[in-house]
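Every number in this text was worked out from the coordinates using simple rules, so none of it is lab data. A quick note: this is a predicted structure, and the numbers were derived from the prediction, not measured. Cβ placement follows ideal geometry from the backbone for every residue including glycine, while neighbour counts extend to all protein chains displayed.
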Amino acid sequence: MGKGNFKAKTGIPPKSNFNEWYPFIVEASELIDKRYPIKGMDVWRPYGWKTMRLIDSHTHREMENTGHGECNFPLLIPEDLLEKENRLVSLLKRAREKGVNPDELREEEDEAGFKKEVYWVKHAGENELDIPMFLRPTSETAMYTMFPLWIRSHADLPLKIYQTVNTFRYETKQTRSFIRVREIHFFEAHTAHIDEDDATKQIEEDLEIVSRLMNKFALPVIISKRPIWDTFPGAWYTIAIDVVMPNGRTLQVASVHHYRDQWAKAFDIKYENKEGTQSYVHQTTYGMSERLLGAIVGMHGDDSGLILPPSVSPYQIVLIPIISKDNAEVINNEIIKISERINKMGIRTHIDMRNIRPGQKYFDWEIKGVPLRLDFGARDMEANTIMCTSRTGGKVSIDLDNLESEVITQLDSIHEVMVNNSNKRLNEAIKKLPKLINENGNWSLSEDLEEDKIYWTMFDGNDSDAETIEKLTGLSFLGDSIEESIKESECCITNKKTNRKVYLAKTY
């Protein structure tokens, strides 16, 4: 879209300076306002909230299509439930460290879990509460308190529920809109199953859902099984979904956990099986947050502002009337008719009839990332055409007789361009880790690492070997690639043959 001369006046930082560009753009595009007087709790502006709700709508549709039921649990959780979770997490963490079955260990008090991150409520009016409560950091404890009341027999399984709520964590690191906040717009799905195999099938279904959603958002992702030391202690394993941001850091936008029956034992979630005896359920969770919007902003934006995928843009098309004093009424009437034709197709439109110059309108909608702009003036009316400009680049005159089909073609083309561009960026960001050299016990790299890259390597070492690589590179293990077939090759540190391909990156 045309830039006019407005960009220089607004001082938009270049995207190459991502640490300045990102906070500027999320406010300049009116997604959020960061001036609320609590750090890490931004105000969603209408344009940003509509974008987020459109992201949610795709998730909700996937949940309903796969047999999940939407629920809504209370915000407050009593302290004793947090202590129950902390004991479980502490037990599982110690069992993992000792390499033994959790059943072999006794529960001990520990500060594991969310206790240091929660917001507490200790008074109701002037009365001190007998049992303090906290704002949910996530909902395992709240939900799993209810599961034994809902699950009685194998006929009640699988149980598949989800909710989209606000969660709260006292984030002590530097906050960043959508990426690291204290009040989180959070989606979570929780399921319970008859056994491990059925729960594993749910994990597979979750990853299929992830694939469809990320395609909707034109987000290429790295999917990896987190290393054991970075797996949530309450989980058997964690699969994480990461987007590579322009500065080379990865942003985890979703995660899937397989809990086996560990939480079921802690919360006594049993069912009567077909043999008439009691069995513990096996559970999974699938979570995402507003980080999805942060990833969309970071992946697709450019020096001129946002570029929103048509699937989540509040307005997929903005229409600009090009008028003069003597033709304003007729042009405005015609552009309203054009907008109505597009609306009937289920496409979201907006007519910008503000009394300002077209160039300013172009800039405003460009920074907000609207996929298509349609300009309509006297010459267009005479020719029975409308000028179409794509946010991803390109301009074409559309015959109004073919308006509906041409608009669909243009929107589909924008999505395809965004997918291709983002896939290209991801592929360019991933490189093979240089060779590791060991000289008398001192490790070095055969060449220097680039700042904005993600690296992969073959790895079959132990935790100590992984720590050596992390210290040497300054990168963190994202985890094992879940690609089905990886050619066997030598481990980068032990030289043993392995099929394990791991990713390393700087993370948010």
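General observations
- Electrostatic bookkeeping for Ala505 treats Lys and Arg as +1 and Asp and Glu as -1; over the other residues with beta carbon under 9 Å from its beta carbon, the sum is +2.
- As a calculated quantity, the FRET efficiency between Asp452 and Glu490 at R0 = 22 Å, using C-beta atoms, amounts to about 0.20.
- Contour excess over end-to-end distance, with Cα ends at Glu275 and Arg357 and 0.36 nm allotted per residue: 21.9 nm
- Relative exposure of Tyr144, Tyr170, judged by other C-beta atoms within 10 Å (fewest first): Tyr170, Tyr144
- A cut-off of 5 Å between modelled amide H atoms, ignoring neighbours fewer than 5 places along the same chain, links Tyr237 with His258.
- Among the listed pairs Lys431/Lys487; Lys84/Lys201; Lys50/Lys116; Lys34/Lys116; Lys84/Lys116, a Cα-Cα separation exceeding 23 Å is found for Lys84/Lys201; Lys50/Lys116; Lys34/Lys116.
- Peptides 443-453, 67-77 ordered by packing proxy, namely the average of other Cβ atoms within 10 Å per residue, highest first: 67-77, 443-453.
- Proximal charge balance of Asp452 [Cβ under 11 Å; K/R count +1, D/E count -1]: +2
- Compared with the alpha-carbon gap, the fully stretched path from Lys337 to Ile430 is longer by 28.7 nm at 0.36 nm per residue.
- Segment Glu30-Asn127, extension gain: residue separation times 0.36 nm, minus the distance between their alpha carbons: 30.8 nm
- By average C-beta atoms within 10 angstrom, highest first, the peptides 346-356, 307-317, 417-427: 307-317, 417-427, 346-356
- Using the Cβ-Cβ distance between Asn19 and Glu117 with R0 set to 30 Å, the FRET efficiency from 1/(1 + (r/R0)^6) comes to roughly 0.75.
- In plain terms, the residue of Arg176, Arg357, Arg136 with the fewest other Cβ atoms within 10 Å comes first and the most crowded comes last, giving Arg357, Arg176, Arg136.
- As a rough footprinting exposure proxy, the listed residues Leu251, Leu472 were ranked by other beta carbons within 10 Å of their own, and the order from fewest upward is Leu472, Leu251.
- Residue by residue, segment 251-267 carries 3J(HN,Hα) couplings of 10, 6, 9, 7, 8, 10, 10, 9, 9, 6, 10, 5, 6, 4, 5, 6, 10 Hz when phi is fed to the Karplus relation 6.51 cos²θ - 1.76 cosθ + 1.60 (θ = phi - 60°); x denotes Gly or Pro.
- Over the C-alpha atoms of segment 261-416, the Rg to Rh ratio, Rh being the Kirkwood estimate, stands at 1.31.
- Using just its DSSP H runs of length 4 or more, each adding -39500 (n - 2.57), the chain gives a mean residue ellipticity at 222 nm of -11000 deg cm²/dmol after division by all residues.
- Filter on Lys173/Lys424; Lys395/Lys453; Lys15/Lys368 - keep pairs with C-alpha separation over 27 Å: Lys173/Lys424; Lys395/Lys453
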